[in-house]
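Engineer: Could you have a look at this structure, given as structure tokens, before my questions?
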Amino acid sequence: MISLFCSHLFVSLQQENELIMLVKTYTAAVNGLEVTTVACEVSMSRGVQFHLTGLADTAVKESHDRIKAALINNGFKMPTMDITVNLSPADIKKEGSSYDLPLAIAILAANDKVNCDRLDKYMLVGELGLDGRLQPVRGALPIAIRARAEKFKGLIVPQQNIREAAVVNQLEVYGMETLSDVIRFMNGADSYQPTIIDTRKEFYEHQNHFDIDFSDVKGQESVKRALEVAAAGGHNLIMIGPPGSGKSMLAKRLPSILPPLSLAESLETTQIHSVAGKLNRDTSLISQRPFRAPHHTISQVALVGGGNNPQPGEISLAHNGVLFLDEMPELSRSVLEVLRQPLEDRKISIARAKYSVEYPCSFMLIASMNPCPCGYYGDPTHHCACTPGQIQRYMNKISGPLLDRIDIHCEIQAVPFAQLSQMQPGEPSATIRERVIAARKIQEERFRPYKGVHSNAMMSEKMLHEFAEPDDASMEMLRMAMERLKLSARAYTRILKVARTIADLAGSERVESVHIAEAIGYRNLDRGDWAERGL
């Protein structure tokens, strides 16, 4: 018996005239945001068959044909031997085409075409085209983080994934165009330089560049104030108004007044978009808070995530940003109801028979809706033919438990042309953002001892009694408002949370009656007579 060790493991055995060769390369499996290091083991012996084990899906099993064509088109031949491939650990499902490159390199190394000295030092990911070109894969950023954690010297990825993977420091990241490039690199035939990105420079350069601004909005001062309060406390908000009143325009400008992402938030958000394959080729780190606006025909799976190959949904893509649901009652009731648990827990757990994944989804929900089916209930310039019953049925499409999780309700009217043509530009986003950041800093200091709590919207009942307890005069005002305006009991805690944010914007240590009064004004949909009165 002759034993030869090459890379992590390379053995040549000769027993009864049978030659056996074994080689390992390394890659990674992405399941949700969890990444597991995978060893691609290739054993070659006399024979002509190809065996693939390790709980591989169809895309992985098809890699044999892609690898064979890529090798032929790059001047190599598929070894005419019995090839057994195992993807270890074998009990974790392997999905996608990112295993093509490590398998191809392992097969070539077992056939003595690739030097084995570097195989245990580098992690490899990439899909192979039939011409040997490397195609981009999903999850390059979390894979790079895993490679650094596992003490690999470097990571080899397709050139299209280089910017997202290279944000991980203390790891050599190489972007390759073709299989031939990787072979030359492994054999030391050519000199390649790792890509280095100044992560902080890339991140901070683009934080404050917005294409749209609140200065474009004329009028609507009360709604802009409500959005400022929502941004300052991380509150969910719904706008009710007729078509053309500016609901979508205002919502799209909300990210421009939100506090900038921290580097940790940016990395977490970028990982989610990387796993979903939503990153642009020129993007390294997401520097602005996400704004997701799915169409009202969206399905449950597209909204919360999942599918045969589990992917993040819109609520996770909106993590650390804004999820905007335009025409909210037009979404199906079942789709809306799946939002209840994520809004409360700020994470989504997707459990199926074959897998279980968890994605973060701490987002601000901003919704808009018409006041009635025709859209013109209470509009002074249009006649509404809807009956109170029709209006109530329309409003009931949003359930009470879901409405309970929306802190601020504000009504909006279209700005008349006479005023629209004469008004000066509004307050710029930068000015509003300064006030929001100042209020958030107060909250960060207040909640420093509480893990996972960063804004007033996250306060528990216990925290409300500690930080948002109103004085006697304010409590009496709140009692009278709940009785006279027929406010529901569920509005109580929402009013206190919003009042705490209003107090923070005003720099007040105590929640006072003026803050309670403004917060009460943001609970319009809780009024028992909403569908029976004029706006």
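Engineer: Just to be sure, is Glu532 open to solvent by 10 Å² or more (accessible area, probe 1.4 Å) and modelled with pLDDT under 90?
Structural biologist: Spelling it out, Glu532 is indeed open to solvent by 10 Å² or more (accessible area, probe 1.4 Å) and modelled with pLDDT under 90.
Engineer: While we're looking at this one, here's another question. Looking only at the range 28-46, count every residue that is part of a loop (DSSP other than H, G, I, E, B), touching a strand residue (DSSP E or B) at 6+ places or on another chain (Cβ under 6 Å) and open to solvent by 30 Å² or more (accessible area, probe 1.4 Å) and tell me the total.
Structural biologist: 1
Engineer: Same structure again: Counting residues that are charged (D, E, K, R) and farther than 21 Å from Arg281 by Cβ, which helices (runs of 4 or more DSSP H) fully inside the range 57-155 reach at least 3? Show your work before the answer.
Structural biologist: Numbers: elements: 58-61, 63-72, 100-110, 140-149.
Fully inside the range 57-155 and qualifying: 63-72.
Engineer: In the range 249-300, which residues are β-branched (Val, Ile, Thr) and more than 24 Å from Arg146 (Cα to Cα)? First the steps, then the outcome.
Structural biologist: First, the residues of the range 249-300 that are β-branched (Val, Ile, Thr): 257, 269-270, 272, 275, 283, 286, 297-298.
Listed by number, the residues that qualify are Ile257, Thr297, Ile298.
Rundown of residues vs (1) in contact (Cβ under 8 Å) with a residue 12 or more places away in the chain; (2) of a type in the set (Gly, Ala, Ser); (3) closer than 27 Å to Ser460 by Cβ, yes/no style:
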{"residue": "Ile315", "(1), (2), (3)": "yes, no, yes"}
{"residue": "Asn320", "(1), (2), (3)": "yes, no, yes"}
{"residue": "Glu327", "(1), (2), (3)": "yes, no, no"}
{"residue": "Glu330", "(1), (2), (3)": "yes, no, no"}
{"residue": "Leu336", "(1), (2), (3)": "yes, no, yes"}
{"residue": "Leu339", "(1), (2), (3)": "yes, no, yes"}
{"residue": "Leu343", "(1), (2), (3)": "yes, no, yes"}
{"residue": "Arg346", "(1), (2), (3)": "yes, no, yes"}
{"residue": "Ser349", "(1), (2), (3)": "no, yes, yes"}
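Per-residue answers, yes or no, for (1) open to solvent by less than 70 Å² (accessible area, probe 1.4 Å); (2) at pLDDT below 95; (3) touching a Ser or Thr at 6+ places or on another chain (Cβ under 9 Å):
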residue: Ile2; (1), (2), (3): no, yes, yes
residue: Leu9; (1), (2), (3): yes, yes, no
residue: Leu19; (1), (2), (3): yes, yes, yes
residue: Leu22; (1), (2), (3): yes, yes, yes
residue: Gln49; (1), (2), (3): no, yes, yes
residue: Ala90; (1), (2), (3): yes, yes, yes
residue: Ala106; (1), (2), (3): yes, no, yes
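Engineer: Output the residues belonging to the range 214-247 that are over 19 Å from Leu402 (Cβ atoms), of a type in the set (D, E, K, R) and either at pLDDT 90 or above or crowded, with 24+ Cβ neighbours inside 10 Å (or both).
Structural biologist: Lys224, Arg225, Glu228
Engineer: Out of the residues in the range 495-519 that are surrounded by 16 or more Cβ atoms within 10 Å (Cβ to Cβ) and of a type in the set (D, E, K, R), state the one that is nearest to Glu444 (Cα to Cα).
Structural biologist: So the residue we want is Asp504.
For every residue, the table says whether it meets (1) in contact (Cβ under 8 Å) with a residue 12 or more places away in the chain; (2) surrounded by fewer than 15 Cβ atoms within 10 Å (Cβ to Cβ); (3) over 11 Å from the mean Cα position of the chain (by Cα).
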position	(1), (2), (3)
Ser266	yes, no, no
Val275	yes, no, no
Pro294	yes, no, yes
Ala302	yes, no, yes
Asn309	yes, yes, yes
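Engineer: Of the residues that make up the range 479-487, is at least one under 16 Å from Arg405 (Cα atoms), more than 33 Å from the chain's Cα centre (by Cα) and part of a loop (DSSP other than H, G, I, E, B)?
Structural biologist: Yes: one or more hits.
The values are calculated or read from the model by the stated rules, or taken from the named source; none is laboratory data. Keep in mind the model is a prediction, meaning the values are calculated, not measured. Cβ: placed from backbone, ideal geometry, glycine included. Neighbour counts: every protein chain shown. Only protein heavy atoms, including side chains, enter the accessible area calculation; ligands, DNA and RNA are left aside. Shrake-Rupley method; radii C 1.70, N 1.55, O 1.52, S 1.80 Å.
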